[in-house]
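Asker: One structure coming up, written as structure tokens, with questions to follow.
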């Protein structure tokens, strides 16, 4: 607003009215507090799971032997002559294959079959001893008779199969664990140990859990 003001010279001098300076608006409220960092404030990190305990080679070998002992006992109750024998051979070769793979040894089925036959010859006379009933020919003939043959099979074959397979697995486990291979395996050097393990499984079930489960 302009007003006139008298000056000493007599003329009025226009005067501009003072315009009030606007007060600056108060600053906005302080910004919202910062959110906590994602890693620290969200949720506590999940606890780490404990590392898996590695299973020893010895424990794995024992499980392989136990599994094949049970399979060999089952092969003994197949009600067909020669089919049970073929099934047993397959089980025992699989046993040797899995043990060799466990120890990183090249599998040789031809040597495995030869060794099985050699070791069978070391225990068969003892297992089949006992006069007429111990004769292999008579035993096979008796097994072909209905009912009686089935009873004979159930009473003798599973126990023999499981004991033989147990001893076979123990012998090869010991051989592979000492750094041996199929090419360096010498049946003559393990016959005593093989017979020991065979009799252990056959007569002392409590000392051989694998055989005990199969023949119990």
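The values are calculated or read from the model by the stated rules, or taken from the named source; none is laboratory data. Since this is a predicted model, take the numbers as computed values, not measurements. Backbone-built Cβ (ideal geometry, glycine too); neighbour counts: all protein chains shown.
Asker: Could you please tell me which pairs satisfy a Cβ distance under 7 Å, a separation of 6+ or placement on different chains, a first residue in the range 194-206 that is at pLDDT below 80, and a second residue that is surrounded by fewer than 18 Cβ atoms within 10 Å (Cβ to Cβ) and not in a helix (DSSP H, G or I)?
Answerer: Short answer, once both residue conditions are applied: 205/216.
Condition check ((1) at pLDDT below 95; (2) surrounded by fewer than 20 Cβ atoms within 10 Å (Cβ to Cβ); (3) in contact with a strand residue (DSSP E or B) (Cβ under 9 Å, 6 or more places away or on another chain)) across all residues:
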| site | (1), (2), (3) |
| --- | --- |
| 68 | no, no, no |
| 87 | yes, yes, no |
| 93 | no, yes, no |
| 124 | yes, yes, no |
| 131 | yes, yes, no |
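Asker: Which of the numbered conditions does residue 105 fail, given that it passes all the others? Conditions: (1) at pLDDT 95 or above; (2) in a helix (DSSP H, G or I); (3) surrounded by 14 or more Cβ atoms within 10 Å (Cβ to Cβ).
Answerer: Failing condition for residue 105: (2).
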